[in-house]
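Read the figures in this text as sums done on the coordinates, not as results from a lab. The shown structure was predicted, so the numbers you read here are calculated from the model rather than taken from an experiment. When we count neighbours, we look across all protein chains shown, and the Cβ atoms used for this are built from the backbone with ideal geometry, even at glycine.
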Amino acid sequence: MKRIGVADTTFARVDMARYAVRRLQESGTGFRIERATVPGIKDLPVAARRLFQERKVDLCLALGMPGKAEYDKTCAHEASLGLIFAGVLEAKPVVECFVFEGEAEGDRELETLARRRAEEHAENAYALLYRPDALARNAGHGLRQGFRDAGAVRPTR
Amino acid sequence: MKRIGVADTTFARVDMARYAVRRLQESGTGFRIERATVPGIKDLPVAARRLFQERKVDLCLALGMPGKAEYDKTCAHEASLGLIFAGVLEAKPVVECFVFEGEAEGDRELETLARRRAEEHAENAYALLYRPDALARNAGHGLRQGFRDAGAVRPTR
Amino acid sequence: MKRIGVADTTFARVDMARYAVRRLQESGTGFRIERATVPGIKDLPVAARRLFQERKVDLCLALGMPGKAEYDKTCAHEASLGLIFAGVLEAKPVVECFVFEGEAEGDRELETLARRRAEEHAENAYALLYRPDALARNAGHGLRQGFRDAGAVRPTR
Amino acid sequence: MKRIGVADTTFARVDMARYAVRRLQESGTGFRIERATVPGIKDLPVAARRLFQERKVDLCLALGMPGKAEYDKTCAHEASLGLIFAGVLEAKPVVECFVFEGEAEGDRELETLARRRAEEHAENAYALLYRPDALARNAGHGLRQGFRDAGAVRPTR
Amino acid sequence: MKRIGVADTTFARVDMARYAVRRLQESGTGFRIERATVPGIKDLPVAARRLFQERKVDLCLALGMPGKAEYDKTCAHEASLGLIFAGVLEAKPVVECFVFEGEAEGDRELETLARRRAEEHAENAYALLYRPDALARNAGHGLRQGFRDAGAVRPTR
């Protein structure tokens, strides 16, 4: 049975993991979810590595919500590099799902954006493990998470 | 018995480690604190790695206070990447607690901010080792360290 | 028989891999292509490492199309560092082929640019594996991918 | 007997290593100094790693003087990340001592600043190896190298 | 017999390797040169690592010419970090020799700058392997490659 790691933060203002887990469970069965909550996004790379090493997950979904300040962008950049570093060391997928607080106007929009992006990255995580063919079929299709798809420049197939 | 590493600097203008250690000791017992003081924040990644390797700590709290200049931001960025790198290599949590001198106006405010942030990151460190369930309960709750919590966008549970 | 990895994304708005694969096949025979499609460019470093480790490719072509926003540049930077990191760890070539959506005006131009760049990077990938002498002959010749060659400052041989 | 590595550059406009070595020798005895001079600051990370591996140093002092141009800042950033990377890999302290040419006005001030900073970082290097208690006593004291100390926000002990 | 790796690109507009190799050969004998040409500067870190691992070079000279655009600076930054990473992993010197197209005005000046810098970095490479004493004698002398030396702030010996 495969295991899917879900790492999130107490810093985020939306419980993105709840939406992600629900969407994972709607997507299929036969896997176990391993959760880890850390304080902030900069703690996610270690959380991911620990999920791989201690709980033997096959993939880690890393959910976070950087704030609005300029410094938060720096933190997100550092966290992203750390997540890539952890994934490459483990040779296992780390699906980063970040929502910047400044991407949405107002709480309602932020909630909606965070929910949608978490759900769509959860679908990506599921596909990476169980449906690589579905990803291959969508290569170059301009898919987006949380916002409307950009779409392919022209039908490619 | 678990061991908690606390690394700090002579560069910082507030003895953040004192506050962090006190809060750790208020939080529980059954752990030993291992201290290391280095000159500046760029020395913290190696200090953390050495605490993991030589003193067998289970987690490292890294405390620092970058200055006000633009260059200090670059140093903090480098230190942060190094701390993430060290944590991922060791697969052990490194809790970064930085206070930028420019975040506060005046010495009194700086002291208060540094104390609060050190205390709240110490609580996070304690929770990572002993209360992962408490962190999980606060997932997506918009918690902050040193400033007032941002709060969840809407009650999530 | 050599194996060539081709990793691409569902985020891209052009199916660059199709053009790259076709050009590889036009370039020669005696190799097998191993494909992997991931959601976005930040997933490419892990995809590359997995192609090296699990499917034993000798080289990985990594195709992606960052969007127009400032943040997309940051993502591309992170992805590039990750690809270099993966390549250095494996000591195997990772040929990055990114087309920024903002490089072209309009869909038609974007399609053309993406096609050409994918084709020319595919030629580079082929040369790295089979024709190192051809690369050596073009050292310092100001070659470009997707745009017109800049050319050598003066004939160098 | 401990060994202290001192790496410096031909790019720097002041012979900082001379000042650092003199101060180390004034600070105590019982160690051997191992020197390595490289062209520029970007060569320092490898120089440090080689001093650790081939000459078995216990700590490396890395001295450099980035120029005034914007590009020199980028080089210094890369060198700093490399030094942290080398130190973390070795789990041995790397004391970076950089003086930016633009920090001082005029040659005399540059010479003085470079000398003082080299001397004070040499003292830090000595303390890291032989006097960790002295560093601990100065935790949070706002110490600076080359300039006047910023001082603690208020007496902390 | 020592081996010197020389890695360069087809992107560069000047055949810098030709000048570097000639200068190496003028500098001394008793070494073998191992060449590798790759498409662009971001391919140099892997090329360097492969020269170390497969062709057992003792040092790698990495020659490249980033273009004039802002994006080229990002690529150069990524390449530089990769070269440092490769060098630190191998614990072998990687001498980076980059000429930014925007550093010179006009083709003739670019050719001259690229030639001089390649030659002087070749001298540095030779000195790192065979004449470490010569580098040590020039510590803090303000040496530059491709442009006039800045010189020491005051005679240091």
TODO: Taking amide H positions as placed in the peptide plane 1.01 Å from N, state which residues far from D:MET65 in sequence (5 or more) or on other chains have amide H under 5 Å from it.
DONE: D:ALA12, D:VAL99
Open item on the list: For chain A, what does the helix formula give at 222 nm: sum of -39500 (n - 2.57) over DSSP H segments with n ≥ 4, over the residue count, nearest 500 deg cm²/dmol?
Closed with: -15500 deg cm²/dmol
Task: Kirkwood Rh in Å, taken over the stretch C:63-104 so that all alpha-carbon pairs contribute - done: 10.9 Å
- [ ] Mind listing the label-point distances from E:ARG131 to the same position on all other copies, shortest first, one decimal in nm, points 7 Å along Cα→Cβ?
- [x] 4.1, 4.1, 6.6, 6.6
TODO: Work out the mean other chain Cβ neighbour count within 10 Å for the residues of E:140-152 and drop it here as an integer.
DONE: 5
Task: Whole-percent pair-distance distribution, where bins are 10 Å wide, for the alpha carbons of the stretch A:28-92 - done: 21, 49, 24, 6, 0
TODO: Take chain A, drop everything but the C-alpha atoms, weight them equally and run the Debye formula without solvent; then report log10 I(q)/I(0) at 0.08, 0.20 Å⁻¹ to two decimals.
DONE: -0.22, -1.32
TODO: Let me know the shape class of the protein assembly as shown, please: from the alpha-carbon gyration tensor, a ≥ b ≥ c as square roots of the eigenvalues, rounded when a/c is under 1.5, otherwise prolate if a/b is greater than b/c, or oblate.
DONE: oblate
TODO: Find the relative contact order for chain D and round it to a whole percent, using C-alpha pairs within less than 8 Å whose residues are 6+ positions apart.
DONE: 24 percent
Open item on the list: Let me check I have the definition right: for the stretch E:94-138, take the eigenvalues of the Cα gyration tensor, multiply each by 5, take square roots. What are those semi-axes in whole Å, largest first?
Closed with: 26, 9, 8
- [ ] Of the listed pairs A:LYS68/C:LYS68; B:LYS92/E:LYS68; C:LYS2/E:LYS42; B:LYS2/C:LYS56; B:LYS73/D:LYS2; B:LYS56/C:LYS42, which have alpha-carbon separations greater than 31 Å here?
- [x] B:LYS92/E:LYS68; B:LYS2/C:LYS56; B:LYS73/D:LYS2; B:LYS56/C:LYS42
Open item on the list: Using a 7 Å offset from Cα along the direction of the beta-carbon, what are the separations from D:ASP107 to the same position in each other copy, nm, ascending?
Closed with: 4.0, 4.0, 6.5, 6.5
Open item on the list: Could you sort the peptides B:31-39, C:4-12, C:25-33 by per-residue average Cβ neighbour count (10 Å cutoff), highest mean leading?
Closed with: C:4-12, B:31-39, C:25-33
Task: Full-stretch length increase - B:ARG148, B:GLU105 - with 0.36 nm per residue and alpha-carbon distance subtracted - done: 13.8 nm
- [ ] Mind listing the label-point distances from E:ARG55 to the same position on all other copies, shortest first, one decimal in nm, points 7 Å along Cα→Cβ?
- [x] 2.9, 3.0, 4.8, 4.8
